[in-house]
Amino acid sequence: MKHYQKLGIIGLLGALLIVFGCSSNSSAPASSEGAASPAESAAAGTAAGEKLATELKYPLAQTIPTLDPHLSLGGSNSTIAVNIYEGLFAFNAKYEPVPMLAESYELSEDGKVYTFHLRKGVKFHNGKEMKAEDVAASLNRWKNTAPRAKSSFSDREFEVKDDYTVVLSSDVPRNDTLAQLSHVLNFAAIMPKEVVDAAGPDGVTEYIGTGPFKFAEYKTDQYVHLQKFADYQPVDAPADGFSGKKEALVNDLYFTLATDNATRFSSFLAKDFNNVDVSLDNLPQVESDPDVEIIKNLSTDFNLVFNKKGPLFSQLKYRQAVASVLDVDQVLLGIVSTPELYRLNPSYMYKENAKWYSEAGSEAYNQKNPDKAKQLLQEAGYNGEEITLLTTKDTGTFYNATLMVQAQLEQIGIKTKIDISDYATMLTKRADPNGWDIYVGPFLVPSTPSQLLYLNPTYGFADDAKLAELLEASTSAISDDAIKAANDALQAYEWEYLAAIKIGDIYNYNAVRKNLVGLTYLSNIPNLANTKLVE
């Protein structure tokens, strides 16, 4: 077996998890669905006589825990990082990895050795040409740092073959290699080797990539300022999802922190921002505006994650009790306030991800059975212990979902309390097995089972031999039939083991002024590289 793909790529961009307020009486607006903008077809380039703004402000709904792309866990980090950095590969709109900084790759007959051929002449923001030593240093740090990469890459090393060739070998085939390299969270960004070598425990101290924008300034809790990189070298291929052509069409890009929903929307109405996430309550104020287009995006999937080192949820019967009582329709309505903005989905993957979508084990999904839940609690010996639900109000999605789950748990007699922190603090607490029991939150761009963090011991602490064995089998399968069989077995077992409980998929509305041209989204992640603001 030998694969050889010619380049194609670019595009990428950061993430933002959107919020919806509580409302119950909205009809669907006229909207574009999926990935659009006022004039997507006109995306890049400047028309004759067209006057463009040189500055663009983009609102961030989440705080920024770090600007180190290898350490980033949240959408706000990715939203910024993908403008500064690029990886060897990126997802297109079908979640298929395509080359970016890689010009091409080869896969050995046995599926164990990847040979990556790099694009030549690509410059970092400091003027240095990107070479294999930079790629190997970056990816070896990434695989040892990023939780989602550790399980797939921890025993493998990216090795320099020559200045423009990097090799990755494994004892077994790994079908998730390119997808892991493409993901936007814990982004496999390529940096100069000297920046990687100087990184401390808290991350890199210089933010230097090959992307269309270069880092200029971070004003803590206010904004991150990027500037156009004049020597950026785009790929000559159409923009598609996160892949394809990139072109910086503004000189200065500001990611402005605006975690309060009302403040973000007011700023949009005041034209401080040209795009914003829109709750149903606010939708009537903008859906009839002829200068605004409403875009409906598939945003994220939502999951309930158990702390499996906790006193209760280390025991399967307690996890089964929660799965039994959950009414996911009510949880999803609590998040988005209308059936128009959610869909039931028992799979841990999107339906659009045809290769990995599976309904195996789905009989355990959305049971709505409080009597069964109470019976399981009794069998488990529940004695009124209080459980802690970890959440944040930085975006309403986390908090609203947690409130709905809390109400359903209390319905069957479980005592609860909610621990509310800012987003960055919540992420820190979630990594600590002490002090929380349940976390309910969105998960961006699930593309392979190995990218589902809650299936690993480091996130929710799923330490189960059979789960690990099935996860390994799903990533080492080669043929399509073998992948499907292994993936079905994994997802069926996950519904038995319950590392997490799938709640469903949600959409969101974004309002975009029609003079903001070329903005696209994938999984609610904006592509700002090809976006211009017409004055």
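A few comments on the model shown:
- The residue list LEU168, ILE414, GLN285 was ranked by how far each Cα lies along the charge dipole of the chain toward its positive end, using unit charges on Cβ atoms, and GLN285 comes out on top.
- As a rough guide to protection, the peptides 335-347, 318-330 ranked by mean Cβ packing within 10 Å, highest first, stand as 318-330, 335-347.
- Each Cα pair under 8 Å and six or more residues apart adds its separation to the average, and for the stretch 298-508 the resulting relative contact order is 39 percent.
- Spatially, the stretch 112-159 and the stretch 293-335 are offset by 35 Å when compared through their Cα centroids.
- Ligands, DNA and RNA are left out, and with a 1.4 angstrom probe the accessible area of the chain is 36 Å² per residue.
- The chain - percent relative contact order, Cα under 8 Å, separation 6 or more: 26
- Options TYR223, LEU316, ALA102, ranked by Cα towards positive dipole end of the chain, top entry (Cβ charges): TYR223
- Listed pairs LYS94/LYS228; LYS150/LYS502; LYS219/LYS393; LYS150/LYS532 exceeding 31 Å between Cα atoms: LYS150/LYS532
- Under a model in which nothing but the beta-carbon of Lys, Arg (+1) and Asp, Glu (-1) is charged, the chain shows a dipole of about 160 debye around its Cα centre.
- Vicinal HN-Hα couplings computed from phi for the stretch 99-110 (Karplus, 6.51 cos²θ - 1.76 cosθ + 1.60; Hz; Gly/Pro x): x, 10, 7, 6, 7, 6, 8, 10, 10, 5, 4, 8
- Given R0 = 45 Å, the distance between the Cβ atoms of LYS128 and ASN515 translates into a calculated FRET efficiency of 0.75.
- Between GLN222 and THR115, the FRET efficiency estimated from the beta carbon spacing at R0 = 41 angstrom works out to 0.40.
- Neighbour cut-off at most 16 other Cβ (10 Å), DSSP loop, trypsin sites (Lys or Arg not before Pro), the stretch 449-535: LYS514
- For the chain, calculated [θ]222 nm from helices alone, where every DSSP H run of n ≥ 4 adds -39500 (n - 2.57): -7500 deg cm²/dmol
- nm² value of the averaged projected area, convex hull over the Cα atoms of the stretch 298-508: 10.7
- Of interest is the spacing of the C-alpha centroids, which for the stretch 196-227 and the stretch 518-535 amounts to 21 Å.
- Charge dipole (Cα centre; +1 on Lys/Arg Cβ, -1 on Asp/Glu Cβ; no other charges) of the stretch 161-289 amounts to roughly 140 debye.
- Long-range amide H partners of LEU60 with built H, under 5 Å: THR256, LEU257, ALA258
- A simple count of charges around ARG174, restricted to other residues whose Cβ falls under 10 Å of its Cβ and scoring Lys, Arg +1 and Asp, Glu -1, yields -1.
- ASP272-LEU316 FRET efficiency (beta carbon distance; Förster radius 45 Å; 0.05 resolution): 0.35
- Given charges at Cβ of Lys, Arg, Asp, Glu: the chain dipole, positive-most of LEU528, SER182, VAL405: LEU528
- Cβ-based net charge around ILE483, under 15 Å, with every Lys or Arg adding one and every Asp or Glu removing one: -3
- Charges were assigned to the Cβ only: +1 to each Lys and Arg, -1 to each Asp and Glu. The resulting dipole of the stretch 298-508 about its Cα centre is roughly 320 debye.
- Highest to lowest packing among 406-413, 176-183, 435-442, 467-474, scored as the average C-beta count within 10 Å: 176-183, 435-442, 467-474, 406-413
- For the chain, the carbon plus sulfur part of the accessible surface works out to 47%, probe radius 1.4 Å.
The values are calculated or read from the model by the stated rules, or taken from the named source; none is laboratory data. Bear in mind the structure is a predicted one, so any value in this text is a computation, not a measurement. In this analysis, Cβ positions are derived from the backbone assuming ideal geometry, glycine residues included, and neighbour counts consider all displayed protein chains. Surface accessibility is based on the protein's heavy atoms, side chains included, excluding ligands, DNA and RNA. Shrake-Rupley method; radii C 1.70, N 1.55, O 1.52, S 1.80 Å.
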